[in-house]
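A.B. asks: Below you'll find the structure I mean.
The values are calculated or read from the model by the stated rules, or taken from the named source; none is laboratory data. Source: prediction; values computed, not measured. Counting neighbours? That spans all protein chains shown, and the Cβs are built from the backbone with ideal geometry, glycine included. The accessibility values were calculated without ligands, DNA or RNA, using every heavy atom of the protein model including side chains. Shrake-Rupley method; radii C 1.70, N 1.55, O 1.52, S 1.80 Å.
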Amino acid sequence: DIQMTQSPSSLSASIGDTVTITCQANQDIGNFLNWYQQRPGKAPKLLVSDASTLATGVPSRFSGRGSGTHFTFTISGLQPEDFATYYCQQYDDFYTFGQGTKLEIK
Amino acid sequence: QIQLQESGPGLVKPSATLSLTCTVSGFYMDSYYWNWIRQAPGKGLEWIGYINFFENSSNPSLKSRVTVSMDSSKNQFSLKLTSVTAADTAVYYCAGGRKDYFDYWGQGTPVAVSS
């Protein structure tokens with residue numbers, strides 16, 4: 001089984017801050033990694049595919065990097081609508097999600 | 001515009017079969033992969049299974065209990081999960097996209113397992 005470990009599990013930040021979330025796989029998954037945003041009571045929304053490709057219509061303040069087992073997701077210049085929970089998801093072997101990172105307003 | 005909408009009972013008895021349907025509009029179903037994903041209360045996301053015109057697959061941890069089927073003539077795909085327990089209580093989402101990612105989602109439907 002491929003396990004995905006996200007850190008931190010929660011994060012407090014202010015409008016305009018830059019934040020980075022880390023996702024670690026327990027085996028090499030190449031760049032087979034996506035990132036999603038989920039607002040309370042809503043379905044997840046794809047933000048980044050293939051570790052670093054921004055989905056259509058996603059603002060450029062979001063970015064993803066990494067390959068192999070270590071991945072990062074960065075939001076540069078937090079906006080009010082960015083406070084949500086973020087998940088990484090691998091698709092190298094079936095599909096598994098990280099446990100999520102809840103981004104809260106400081 | 002692609003839209004997905006889940007439907008089905010919100011309450012299922014323990015040991016019974018959970019059945020949900022997802023209706024897809026605005027898209028030709030045969031081109032994409034159609035998935036079921038769930039989220040237990042306060043928890044993260046768990047992929048359940050997918051179906052495509054050519055293949056289907058399911059989460060090994062659920063495989064023996066899961067059936068995902070598709071009726072493209074009705075623009076629908078369905079989930080059956082047998083022998084449910086309280087651990088199957090969750091919001092169930094249908095989602096579609098390429099095989100690599102899920103870019104279209106339904107709004108989710110809550111399902112509780114309780115007698």
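A.B. asks: Does any residue in region B:27-51 that is within 19 Å of A:LYS102 (Cβ to Cβ) come within less than 6 Å, Cβ to Cβ, of a residue that is crowded, with 24+ Cβ neighbours inside 10 Å and at pLDDT below 95 six or more places away or on a different chain, and which pairs are these?
C.D. replies: From residues that are within 19 Å of A:LYS102 (Cβ to Cβ), there are no pairs.
Conditions tested, residue by residue: (1) within 13 Å of chain A (Cβ to nearest Cβ); (2) of a type outside the set (Ser, Thr, Tyr).
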position	(1), (2)
B:LYS13	no, yes
B:SER19	no, no
B:ARG65	no, yes
B:GLY97	yes, yes
B:ASP100	yes, yes
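A.B. asks: Would you mind stating whether A:GLY98 is closer than 24 Å to B:TRP36 by Cβ, open to solvent by less than 60 Å² (accessible area, probe 1.4 Å) and touching a residue at least 24 places away in the same chain (Cβ under 8 Å)?
C.D. replies: It is true that A:GLY98 is closer than 24 Å to B:TRP36 by Cβ, open to solvent by less than 60 Å² (accessible area, probe 1.4 Å) and touching a residue at least 24 places away in the same chain (Cβ under 8 Å).
A.B. asks: Report, by residue number, each residue of region A:1-21 that is part of a loop (DSSP other than H, G, I, E, B), over 15 Å from A:GLN89 (Cα atoms) and open to solvent by less than 60 Å² (accessible area, probe 1.4 Å).
C.D. replies: A:PRO8, A:SER14, A:GLY16, A:ASP17
A.B. asks: If you don't mind, another one. Kindly list the number of the only condition in (1) at pLDDT 95 or above; (2) open to solvent by 40 Å² or more (accessible area, probe 1.4 Å); (3) outside any strand (DSSP E or B) that fails for B:GLN5.
C.D. replies: Only one criterion is unmet by B:GLN5, namely (3).
A.B. asks: List the number of the failed condition for A:ALA25; all other conditions in (1) touching a Leu at 6+ places or on another chain (Cβ under 8 Å); (2) buried (at least 21 other Cβ atoms within 10 Å of the Cβ); (3) within 12 Å of chain B (Cβ to nearest Cβ) hold.
C.D. replies: (3)
A.B. asks: Which ranges mark the strands (runs of 3 or more DSSP E) fully within region B:12-115 that have 3 or more residues being open to solvent by 70 Å² or more (accessible area, probe 1.4 Å), closer than 24 Å to A:TYR36 by Cα and of a type in the set (S, T, N, Q)?
C.D. replies: Output list is empty.
A.B. asks: Condition first: within 19 Å of B:VAL84 (Cα to Cα) and more than 10 Å from every other protein chain (Cβ to nearest Cβ). Now tell me which residues in region B:43-62 satisfy that.
C.D. replies: The one that is within 19 Å of B:VAL84 (Cα to Cα) and more than 10 Å from every other protein chain (Cβ to nearest Cβ): B:LEU62.
A.B. asks: What are the residues in region A:31-44 that are closer than 18 Å to A:THR101 by Cβ and surrounded by 17 or more Cβ atoms within 10 Å (Cβ to Cβ), if any?
C.D. replies: A:LEU33, A:ASN34, A:TRP35, A:TYR36, A:GLN37, A:GLN38, A:ALA43, A:PRO44, listed by residue number.
A.B. asks: Spot the failing condition for A:GLY64; the list is (1) surrounded by fewer than 17 Cβ atoms within 10 Å (Cβ to Cβ); (2) small (Gly, Ala, Ser); (3) within 12 Å of the chain's Cα centre (by Cα), and only one is missed.
C.D. replies: (1)
A.B. asks: Evaluate region A:57-69: report whether one residue or more is within 12 Å of chain B (Cβ to nearest Cβ) and farther than 16 Å from A:TYR91 by Cβ.
C.D. replies: Scanning region A:57-69, I find at least one residue that is within 12 Å of chain B (Cβ to nearest Cβ) and farther than 16 Å from A:TYR91 by Cβ, so the answer is yes.
A.B. asks: Output yes when any residue across region A:72-80 is farther than 21 Å from B:ARG38 by Cα, more than 14 Å from chain B (Cβ to nearest Cβ), surrounded by 19 or more Cβ atoms within 10 Å (Cβ to Cβ) and more than 13 Å from the chain's Cα centre (by Cα), and no when none is.
C.D. replies: yes
A.B. asks: How about region A:34-67: which of its residues are outside any loop (DSSP other than H, G, I, E, B) and among the β-branched types (Val, Ile, Thr)?
C.D. replies: Scanning region A:34-67 gives A:VAL48, A:THR53.
A.B. asks: Based on this model, can you work out whether A:VAL48 counts as in contact (Cβ under 8 Å) with a residue 24 or more places away in the chain, over 17 Å from B:GLU46 (Cβ atoms) and open to solvent by less than 30 Å² (accessible area, probe 1.4 Å)?
C.D. replies: Answer is yes for this residue.
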